[in-house]
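Beneath this line is the structure, given in structure tokens, with notes to follow.
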Amino acid sequence: TEEVNALREDLGSIKVKGKNCPKPLKSWAQCGLSAKVLDVIKKCGYEKPTPIQAQAIPAVMCGRDLIGIARTGSGKTLAFLLPLFRHILDQPPLNYEDGPISFILSPTRELALQIYAECKKFCKPLKLRVVCVYGGTGISDQIADLKRGAEIVVCTPGRMIDMLGANNGKVTNMRRVTYVVLDEADRMFDMGFEPQVTKIVQMVRPDRQTVMFSATFPRQMEALARKILSKPIEVLVGGRSV
Ligand code: ADP
Ligand code: MG
């Protein structure tokens, strides 16, 4: 473990809390990603994992819940997307009536669209479908998108709650959701979305995997984390700023 801690320090001041966290990655080749995923990574010019990716990806790929804290611009999006693709590819394909396998919650429409764009680069070669659900625009096109079926839904909390209630709750269902992401959790909290986020997450089956990413981890967010995460690993890159 001394050795693993030295490697964490070496890869960029990675601190870990929680039991049995796997070793961080030194290269993409180490993490068991599919050839198609590695191909997109290469085309994007991402030579090696950033520190948050190096530690969060193996932890999430082991099936653990996770709190990942690293500054803006540190590559948190791929830290939850790459394990997500593995998770989906390991499961039987969707049937016609099935709802999504994963939800990614984002505080704003702009961020949701950024995650959606990053996700789409991989979805095409992997033959997966992603839908983006956000407010400030008509709901009917988004209802149609969701009804066509998608493995992944990127959404803002308010519109997702509207969506779950639309057409007498017949637009989609949470039965197959097993991977939930809360991105920019600190902003979600600041914007007062905690009740909506809790409501959505608690509709998902209890055996789900839940991961939370944030630039900061203020004390008030710990209660939310305790409520929705189970035995999480906490990965902190570059010190805790509140
Ligand atoms: P965060 O969510 O932490 O703010 P992003 O996931 O939006 O960060 O990533 C920031 C930028 O870094 C994006 O432009 C993304 O394409 C790029 N990026 C992500 N991972 C890598 C990597 N491993 N190597 C180089 N660039 C990367
Ligand atoms: Mg981000």
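Computed values, structure above
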read-out: Dipole in debye (nearest 20) - the chain, about Cα centre, beta carbon charges: Lys, Arg +1; Asp, Glu -1; value: 320 debye
read-out: Region 2-82: translational diffusion in µm²/s, Stokes-Einstein, Kirkwood Rh over Cα pairs, 37 °C, 0.692 mPa s; value: 252 µm²/s
read-out: ³J(HN,Hα), Karplus 6.51/-1.76/1.60, whole Hz, each residue of region 124-133, x for Gly, Pro; value: 4, x, 7, 6, 10, 10, 10, 10, 10, 10
read-out: Mean separation of Cα contacts under 8 Å, 6 or more apart, over the residue count of the chain: relative contact order %; value: 28 percent
read-out: Beta bridge orientation in the chain: antiparallel %, DSSP, nearest 5; value: 15 percent
read-out: Region 80-172 - Rg (one decimal) and Dmax (whole number), Cα, Å; value: 12.6, 35
read-out: Space enclosed by the convex hull of the alpha-carbon atoms of region 31-145, per residue, Å³; value: 123 Å³
read-out: Cross-link table K43/K120; K48/K76; K26/K127; K42/K120, entries beyond 18 Å C-alpha to C-alpha; value: K26/K127
read-out: Distance in nm between pseudo-label sites at T137 and N167 (7 Å out along the Cβ direction from Cα); value: 1.9 nm
read-out: Whole-Hz ³J(HN,Hα) from phi, Karplus 6.51 cos²θ - 1.76 cosθ + 1.60, for region 46-56, glycine and proline x; value: 8, 5, 8, x, 6, x, 5, 5, 4, 9, 6
read-out: In sequence order, calculated HN-Hα J values of region 218-225 (Karplus, 6.51, -1.76, 1.60; Hz; x Gly/Pro); value: x, 3, 5, 7, 5, 5, 4, 4
read-out: Cβ-placed point charges (K, R +1; D, E -1), dipole of region 101-242 about Cα centre in debye, nearest 20; value: 580 debye
read-out: Hull volume in cubic angstrom per residue (convex hull over the Cα atoms of the chain); value: 118 Å³
read-out: Full-extension gain in nm, C62 to K127, via 0.36 nm per residue minus C-alpha separation; value: 21.0 nm
read-out: Packing rank of 67-74, 163-170, where each peptide gets the mean count of other beta carbons within 10 Å, highest leading; value: 67-74, 163-170
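No lab work stands behind these numbers, since they all come straight from the coordinates. Please read all numbers here as calculations on a predicted model, not as lab measurements. Glycine gets a Cβ as well: all are built from the backbone with ideal geometry, and neighbour counts include every protein chain shown.
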